[in-house]
1. Among (1) surrounded by fewer than 16 Cβ atoms within 10 Å (Cβ to Cβ); (2) in contact with a Phe, Trp or Tyr (Cβ under 7 Å, 6 or more places away or on another chain); (3) not β-branched (Val, Ile, Thr), there is one condition residue 309 misses while meeting the rest; what is its number?
2. I want to confirm something. Restricting to the range 83-95 and keeping residues that are out of contact with any strand residue (DSSP E or B) (no Cβ under 6 Å at 6 or more places or on another chain) and more than 10 Å from the ligand (Cβ to nearest atom), which single residue is most open to solvent (accessible area, probe 1.4 Å)?
3. Could you look through the range 248-284, keep only residues that are within 30 Å of residue 136 (Cα to Cα) and among the polar types (S, T, N, Q), and pick out the one that is most open to solvent (accessible area, probe 1.4 Å)?
4. Going by what's in this entry, would residue 176 be described as more than 20 Å from residue 39 (Cβ to Cβ) and of a type in the set (Gly, Ala, Ser)?
5. With the condition kept exactly as written, say whether any residue in the range 145-152 is assigned to a strand (DSSP E or B), touching a strand residue (DSSP E or B) at 6+ places or on another chain (Cβ under 6 Å) and open to solvent by less than 10 Å² (accessible area, probe 1.4 Å).
6. Out of 108, 140, I need the residue that is of a type in the set (Asp, Glu) and within 26 Å of residue 191 (Cβ to Cβ). Which one?
7. Is it the case that residue 231 is closer than 30 Å to residue 300 by Cβ, under 24 Å from the mean Cα position of the chain (by Cα) and buried (at least 24 other Cβ atoms within 10 Å of the Cβ)?
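The values are calculated or read from the model by the stated rules, or taken from the named source; none is laboratory data. All values reported here derive from a predicted model rather than from experimental measurement. Note: ideal-geometry Cβ built from the backbone for every residue, glycine included; neighbour counts use all protein chains shown. Note: areas computed on protein heavy atoms with side chains; ligands, DNA, RNA excluded. Shrake-Rupley method; radii C 1.70, N 1.55, O 1.52, S 1.80 Å.
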Amino acid sequence: MNLIKTFTAAFTLATLATGVQAQSAPEEKFITIGTGGQTGVYYVVGQSICRLVNRDTATTGIKCTAPSTGGSVANVNAIKAGDMTMGVAQSDIQYHAYNGDTPEFEGDKKFDKERAIFSVHPEPFTVVARKDANIATFDDLKGKRVNVGNPGSGQLATMQVVLDAKGWTMGDFALASELKPAEQSAALGDNKVDAIVYTVGHPNGSIQEATSTVEANLVPVEGPEIDKLVEENPYYAKAVIPGGMYAGTDADTNTFGVKATFVTSADVPDDVVYEVVKAVFDNFDRFKGLHPAFANLTPEAMVAEGNSAPLHPGAEKYYKEQGWIQ
Ligand code: GLU
């Protein structure tokens, strides 16, 4: 009798518990973050954000994944198409997608619903050349075999901007290959190309691999055309890759660059964006520790710099609560 009573009590409690849980269990929401190649920093940005977001799945219902993609342009297009929820994109790509002012984003490819969430690390436009190719300046790339970036990547888009500024075309290279970041360091080492380009945060494993598998040097990207680009476009800035960061380059390398930014669509609900932003900034020290390229990040700069599309209201809400914006 007692036994049955105990069982009944336990059963009732369990039912109650399940009932309570069922009522308060948040609705499951799956979100995807577009990143870049697995050897780049975007992949770590996406994976790190998801790791923090997924710690709160029990209360928010949000389940986050961050697959490898072609990079900035591919991410923005996937968000526009509704195939991804959020993504990482270079500040120049964020600008062009929102304003529709470059061929990739002209006409119906313009993404006026693009919304900024925050900016992340600086990304210098980085050129690495084999030492035996004798490439000391960007102009020395003429007639060489250059990996100009995979389709969908930010580096391919920015390379095109640099070529236009200099009055060059892809035809000025002996070869303009479009290998992915994960393939290009090996191609440099195997003497399939003389130089590679990557718009990427530093330090990173990809450039480390490129400069350690073969004798190589970083190539400065400077001169009047670059000065003009930086002067005329708010999303570009002068950048320096510190000397000694990679084997073969002891002096600082002058170049220009963008910022990595985190973007979404106006169609994504405010509470989802709010929870993602909250997960990152409530755990900011942990986030910063997940990649050396994040070392100098501050919340204030991430909110204020590099964003040209309007801030998403879900992000804005959190920043107002923190007093980072008015
Ligand atoms: N900036 C590159 C792009 O837009 C990606 C760099 C990275 O993956 O860290 O495609």
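1. With respect to (1) surrounded by fewer than 16 Cβ atoms within 10 Å (Cβ to Cβ); (2) in contact with a Phe, Trp or Tyr (Cβ under 7 Å, 6 or more places away or on another chain); (3) not β-branched (Val, Ile, Thr), residue 309 is out only on (1).
2. 83
3. 254
4. yes
5. Within the range 145-152 (the criterion being assigned to a strand (DSSP E or B), touching a strand residue (DSSP E or B) at 6+ places or on another chain (Cβ under 6 Å) and open to solvent by less than 10 Å² (accessible area, probe 1.4 Å)), the answer is yes, since at least one residue qualifies.
6. None of the others qualify; the one that does is 140.
7. Numbers: closer than 30 Å to residue 300 by Cβ: yes; under 24 Å from the mean Cα position of the chain (by Cα): yes; buried (at least 24 other Cβ atoms within 10 Å of the Cβ): no.
Spelling it out, it is not the case that residue 231 is closer than 30 Å to residue 300 by Cβ, under 24 Å from the mean Cα position of the chain (by Cα) and buried (at least 24 other Cβ atoms within 10 Å of the Cβ).
A quick yes/no check of all residues on (1) open to solvent by less than 60 Å² (accessible area, probe 1.4 Å); (2) in contact with a helix residue (DSSP H, G or I) (Cβ under 7 Å, 6 or more places away or on another chain):
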residue: 98; (1), (2): no, no
residue: 118; (1), (2): yes, yes
residue: 138; (1), (2): yes, no
residue: 157; (1), (2): yes, yes
